[in-house]
Amino acid sequence: DAGVIQSPRHEVTEMGQEVTLRCKPISGHNSLFWYRQTMMRGLELLIYFNNNVPIDDSGMPEDRFSAKMPNASFSTLKIQPSEPRDSAVYFCASSFNGGREQYFGPGTRLTVT
Amino acid sequence: DQQVKQNSPSLSVQEGRISILNCDYTNSMFDYFLWYKKYPAEGPTFLISISSIKDKNEDGRFTVFLNKSAKHLSLHIVPSQPGDSAVYFCAASGNQFYFGTGTSLTVIP
């Protein structure tokens with residue numbers, strides 16, 4: 001059984017470039033969450049979708065961040081333009097009907113130089 | 001403003017002894033609490049949870065205790081094993097979902 005799939009696993013980019021992170025949730029799960037992990041703040045919820053609709057994006061730090069879920073099996077988190085302070089590990093997680101036990105992907109480690 | 005706090009960034013315990021990881025929260029509206037375990041280069045995995053209507057939940061070597069009046073929960077692992085070495089995240093949910101900053105547990109053989 002495939003878990004949550006994220007790509008790429010590592011991304012190194014220069015300041016000002018656009019970055020797109022991708023996520024495929026577990027089949028059958030209809031809730032999807034994007035998190036950012038930093039040493040200072042731990043895991044922060046950025047946005048979550050239910051049935052492909054964004055429900056709460058209050059955690060999105062700035063207008064430079066945007067997320068989409070065009071269908072039940074794919075979501076993207078885009079940062080444009082990227083800045084060095086965006087460097088972090090970004091996790092995607094999914095659950096069934098907003099269930100509180102979420103299943104996490106392996107994360108994307110983003111480094112912005 | 002951290003609504004869920006794990007004040008100990010790290011903890012070392014001898015194999016076979018008890019590990020106690022602590023977590024404090026600020027919002028009395030949280031009604032469900034979870035612990036996740038994270039190994040390096042992997043995503044967090046769900047470990048154990050507790051509803052706010054309970055004060056204890058046990059699953060094998062893992063027990064979570066909830067003290068609502070103190071807004072405090074703890075995870076007990078007994079006996080601790082080297083494979084338990086990981087980062088443990090506490091999480092709380094109500095209308096939103098909040099994670100703590102994690103505690104890195106090292107179990108010394």
- Treating only the Cβ atoms of Lys and Arg (+1) and Asp and Glu (-1) as charged, compute the dipole magnitude of the protein assembly as shown about its Cα centre; round to the nearest 20 debye. 260
- Using a 1.4 angstrom probe on the protein heavy atoms only, line up B:T63, B:T106 by accessible area, largest first. B:T106, B:T63
- What accessible area per residue, rounded to a whole number of Å², is obtained for the range B:6-109 using a probe radius of 1.4 Å? 47
- Return the subset of A:K78/B:K71; A:K68/B:K54; A:K24/B:K68; B:K37/B:K71 for which the Cα-Cα distance in this structure is over 28 Å, preserving the input order. A:K78/B:K71; A:K68/B:K54; A:K24/B:K68
- Item | Dimensionless Rg/Rh of chain A - Kirkwood Rh, Rg from C-alpha atoms | 0.95
- Item | In the range B:1-56, the chymotrypsin sites (Phe, Trp or Tyr not before Pro) that fall in loop regions by DSSP, at most 16 other Cβ within 10 Å | none
- Using a Förster distance of 22 angstrom, determine the FRET efficiency expected from the C-beta separation of A:V12 and A:N97, and round it to 0.05. 0.05
- Message: I'd like the carbon and sulfur percentage of the solvent accessible area for chain B, probe radius 1.4 Å, heavy atoms only, ligands and nucleic acids excluded.
- Response: 49
- Report ³J(HN,Hα) in whole Hz for each residue of the range A:23-34, in order, from the Karplus equation J = 6.51 cos²θ - 1.76 cosθ + 1.60 where θ = phi - 60°; Gly and Pro get x. 8, 10, x, 5, 4, x, 7, 10, 10, 9, 10, 10
- Item | Lys/Arg +1, Asp/Glu -1 at C-beta; the protein assembly as shown dipole; positive extreme among A:I47, B:A70, A:T13 | B:A70
- Given a Förster distance of 30 Å, the FRET efficiency implied by the Cβ-Cβ spacing of B:S28 and B:V78, rounded to the nearest 0.05, works out to 0.55
- Cα→Cβ-extended label distance, 7 Å offset, between B:N57 and A:T113, nm: 4.5
- Message: Using the Cα centre of chain B as the reference point, and only Cβ charges (+1 on K/R, -1 on D/E), how large is the resulting charge dipole? Debye, rounded to the nearest 20.
- Response: 120
- Taking a straight Cα-to-Cα line shorter than 12 Å from B:K5, and setting aside same-chain aspartates and glutamates fewer than 8 residues away, one finds B:D24
- Query: Distance in nm between label sites at A:N50 and A:N30, each 7 Å beyond Cα in the beta-carbon direction?
  - Reply: 1.0
- Which whole-number percent is the relative contact order of the range A:1-76 (Cα, under 8 Å, 6+ apart)? 26
- Task: Evaluate peptide B:94-102: per residue, the Cβ atoms of other protein chains within 10 Å of its Cβ; return the mean as an integer.
- Result: 5
- Sort B:D24, B:D59 by accessible area with a 1.4 Å probe, largest first. B:D59, B:D24
- Query: Over chain B, what relative contact order in percent results from Cα pairs under 8 Å that are six or more residues apart?
  - Reply: 38
- Note on the structure: Length-normalised contact order of the range A:41-113, Cα under 8 Å, at least 6 apart, in percent, tallies to 22
- Item | Cα centre as origin, Lys/Arg/Asp/Glu Cβ charges: chain A dipole, Debye | 200
- Query: Put a dot 7 Å past each Cα toward the Cβ at B:S104 and A:S73; how far apart are the dots in nm?
  - Reply: 3.9
- Computed accessible area, A:D56, all protein chains, 1.4 angstrom probe, square angstrom: 30
- What total accessible area, in Å², is buried where chains B and A meet, using a 1.4 Å probe and rounding to the nearest 100? 1500
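The values are calculated or read from the model by the stated rules, or taken from the named source; none is laboratory data. Just so you know, these numbers come straight off a predicted model, no measurement behind them. In this analysis, Cβ positions are derived from the backbone assuming ideal geometry, glycine residues included, and neighbour counts consider all displayed protein chains. Please note that ligands, DNA and RNA were not included when accessible areas were found on the heavy atoms of the full protein model with its side chains. Shrake-Rupley method; radii C 1.70, N 1.55, O 1.52, S 1.80 Å.
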